[in-house]
1. Can you tell me the convex hull volume per residue for the range 188-344, based on C-alpha atoms, in Å³ to the nearest whole number?
2. Along the range 38-54, what does the Karplus equation 6.51 cos²θ - 1.76 cosθ + 1.60 (θ = phi - 60°) give for ³J(HN,Hα), rounded to whole Hz, x for Gly and Pro?
3. At 1.4 Å probe size, with no ligands or nucleic acids counted, give the accessible surface of I475 in Å², nearest ten.
4. Return the long-range amide H neighbours of G200 (sequence gap of 5 or more, or a different chain), with a cut-off of under 5 Å between placed amide H atoms.
5. Once you put a point 7 Å from the Cα of E212 and another 7 Å from the Cα of S337, both along the Cβ direction, what distance in nm separates them?
6. For the peptides 310-316, 211-217, what is the packing order when you average, over each peptide's residues, the other Cβ atoms within 10 Å and list the highest mean first?
7. To the nearest 20 debye, what is the magnitude of the charge dipole of the range 99-190 about its Cα centre, counting +1 on the Cβ of each Lys and Arg and -1 on the Cβ of each Asp and Glu?
8. With angles folded into 0 to 90 degrees, how steeply does helix 508-522 sit against the dominant principal axis of the chain? Use alpha carbons for both and round to 10.
Amino acid sequence: MTKLSPLQIERLKYQPKLPSSLQNGVNSLELVEGSATQSVRDQEQIQELFANTYGKPTVTFKSTSTSSTSDVKNVGVILSGGQAPGGHNVIAGLYDALKNANSANKLYGFLGGPSGIIEGKYIEFTDEYIDSYRNTGGFDIIGSGRTKLETEEQFKSSLEVCRKLNISAVVIIGGDDSNTNAALLAEWFVKNNTGIQVIGCPKTIDGDLKNEQIEISFGFDTATKTYAELIGNIERDANSAKKYWHFVKIMGRSASHVALEAALQTQPNITLISEEVEAKKMSLSSIIDYMSDIIARRAENGKNFGIAVIPEGLIEFIPEMGSMISNLNDIMASLESDSSFVNATSAEKFSIVESKLESENAKVYSSLPALIKEQLLADRDPHGNVQVSKIETEKLLIEMISAKLSEMKNAGKFSGKFSSQSHFFGYEGRCAFPSNFDADYCYSLGYNAFALINFGLTGYLSSVRNLTAPASDWIAGGVPLTMMMNMEKRHGEMKPVIQKALVRLDGPVFKQLQDNREDWAMNDRYLFSGAIQYFGPSSVADITTVTLQLERSKQLASV
């Protein structure tokens, strides 16, 4: 028998909280429809592509005093994309709701992500199996994967597997791309009169899958608290040794929500926000000037140390870098299958790429250190984009700042010392034990997903709102996936995708950083959040992110 740590033992006992509307089970619910919806952009194109699932209303649930009977339903569940704390609780909530509705219901888990439903690899969940994963981190309950569901062949294979298991609904737990897959699968199932429903659940530690109906994606709370603990530890070390500048790259490719939240929890000396860099059209050299200026001014005060937080996707938001990378993604689509390129030396690859890039982009690529050039040519992600997590942006900044400070020293404008340490916090936060908030939220999302299934809905994303209130006051319901979609260029073609929610520079969260940035740059206002707390006063154990608190406060103030 596997030995468990004391914390594991205690967390398995934790009973997640539910919204009051769901506490009597899904057979005691009433569905309340909102108004019809439309996509966030490109309405005509999205409606044409999703003719059978477009324009559905938002829905909410309320508890009733009557109880209905539920037909037997077999459901399949998929974990898709990168891990996020709380995924196991989504499945546990789904399982409990399903069994509560009818003990004859079955839940199947497709193994290894979307490929599991295509290839027919699955397990049937049991009480004992589910119970061993409650309130735990990771996706190891069934594994995850990044296979896209988008071709006719894949849809037909998925249908065949569902028919074999008599599955009437599929739940896809994932981020924006995974839930785009869910929308496509839902549309195909309806178009072909299969009778099979598809429901999504909003997962991503990046925090970029949200809108008025989806206040936060699950995993963001736990991951940012984990990163904040690590950054706080480094801040304490820096303030003790007083001799290193620590450059911390942190998860968040397309949006800087993680970096922003971690900064608000720890108050480092420098925080770069990708969306701000893009909006202000900051060049790489202007970023280096900005950071070097703070380093030099702190050195004048005898402080040759500090903390800089850098979002993972920064490099793509620097205008000249973003243009070059976009151009590079397009040409790599054909070069990756060119054997002469694949077998070439690094220097030869650099030359080939520079010859194919547009002239200005070629200049930018040519100016980069060989290490960064190499990393830009690494294997693409499933969407054909450069894997920015493999680009050591923090080391690029360190190298360029070091050169800038040397110039400043020669000009008599810098008399301090510059020693650096680099860090990348990514995997450290993806599979942590979920916080109480994520444990509760995820369980509610899964429970709510079956409620959507029980009412015959398809093409919806499980939505639980009012999240800064006690869990009993949370609002359960669903939002049509097509409502969140627009058209974007992928692999050189325009395709429907769920629009990412970026950091709003006019929003209350960024303003909190902006208002304190200069003070935090020059003074050591470091905050030390410590490890995630699971027991103790609610003010410590159940507190959620600064981001959610600020955004909800503004929403409530405008009501």
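The values are calculated or read from the model by the stated rules, or taken from the named source; none is laboratory data. The structure presented is a predicted model; accordingly, all values stated were derived computationally and were not measured. Cβ sites come from the backbone with ideal geometry, for glycine too, and all protein chains shown count toward neighbours. Just the protein is used for accessible areas: all its heavy atoms, side chains included, with ligands, DNA and RNA removed. Shrake-Rupley method; radii C 1.70, N 1.55, O 1.52, S 1.80 Å.
1. Values: hull volume 31.7 nm³, N = 157.
Per-residue hull volume (Cα only) is 202 Å³.
2. Running phi through 6.51 cos²θ - 1.76 cosθ + 1.60 with θ = phi - 60° gives 9, 5, 5, 7, 6, 4, 5, 5, 5, 5, 5, 6, 10, 4, 9, 10, 7 Hz.
3. 60
4. When sequence neighbours closer than 5 places are left aside, the close amide H contacts are I172, Y460, L461, S462.
5. 4.4
6. Values: 310-316: 26.7, 211-217: 20.0.
Packing order, densest peptide first, comes out as 310-316, 211-217.
7. Working: 9 positive and 13 negative charges, 40 e Å.
About 200 debye.
8. 30
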